[in-house]
1. Sort 34-43, 53-62 for me by packing, meaning the mean count of neighbouring Cβ atoms within 10 Å per residue, highest on top.
2. Take the alpha carbon gyration tensor of the range 53-162, find the square roots of its eigenvalues, order them as a ≥ b ≥ c, and report rounded if a/c is under 1.5; if not, report prolate when a/b exceeds b/c, else oblate.
3. Express in nm, to one decimal, how much length is gained between residue 49 and residue 143 on full extension, taking 0.36 nm for each residue of separation and deducting their alpha carbon distance.
4. Compute the Cα gyration tensor for the range 1-115, then decide on rounded, prolate or oblate, letting a ≥ b ≥ c be the square roots of its eigenvalues: rounded whenever a/c is under 1.5, prolate when a/b is larger than b/c in the other cases, and oblate in all that remain.
5. With a point put 7 Å past each Cα toward its Cβ, work out how far residue 57 is from residue 100 in nm, to one decimal.
């Protein structure tokens with residue numbers, strides 16, 4: 001009796017899937033599949049999309065909201081985050097110096113965002129992260145707030161990190177030596 005019930009359930013599931021496919025075939029306006037590379041400009045990501053972690057800026061002051069408490073570092077199961085703290089010379093409170101994000105280690109679980117008391121972290125919507133060298137996946141999230149770095153320079157550094165490295169120049173071919181002349185290696 002169990003075998004007949006399993007066969008019935010299997011056929012029922014198969015026919016349900018085929019019915020859905022036939023419905024999309026007969027009414028192509030209902031298709032929800034997005035043709036990714038062609039529709040980059042009109043791509044609609046769901047609200048709960050998870051991608052890289054990003055630091056949140058204070059809209060009034062322009063700086064980052066992060067208080068450098070380190071709770072996100074403790075919550076991260078993979079050690080993907082590093083917070084380097086300094087002390088404010090006036091108030092003697094900890095201030096954020098560097099926020100290093102190792103995306104190559106990150107599982108995009110969101111525990112760091114959930115644990116942040118000051119809501120200084122958010123899950124970004126940037127999902128194109130392919131690079132040739134994994135060292136390019138280590139990012140300094142507050143690079144534009146560091147002394148001596150302008151926002152344009154940090155954006156240029158991000159763009160350079162996203163661009164593929166230039167191919168190495170091919171070595172010049174070596175002419176084979178003939179018996180009557182020795183090969184000169186330069």
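Nothing in this text is a laboratory measurement; each read-out follows from the coordinates by a stated rule. If you're wondering where the values come from, they're calculated on a predicted model, not measured in any experiment. Glycine also receives a Cβ, built like all others from the backbone with ideal geometry; neighbour counts cover every protein chain displayed.
1. Details: 34-43: 8.4, 53-62: 12.9.
Result, highest mean first: 53-62, 34-43.
2. Working: a/c = 1.76, a/b = 1.20, b/c = 1.46.
Oblate is the answer for the range 53-162, as a/c is 1.5 or above yet b/c matches or exceeds a/b.
3. Working: separation 94, 0.36 × 94 = 33.84 nm, distance 2.46 nm.
Length gained between residue 49 and residue 143: 31.4 nm.
4. Working: a/c = 4.55, a/b = 2.26, b/c = 2.01.
Since a/c reaches 1.5 and a/b is larger than b/c, the shape of the range 1-115 is classed as prolate.
5. Reported label-point gap for residue 57 and residue 100 is 2.5 nm.
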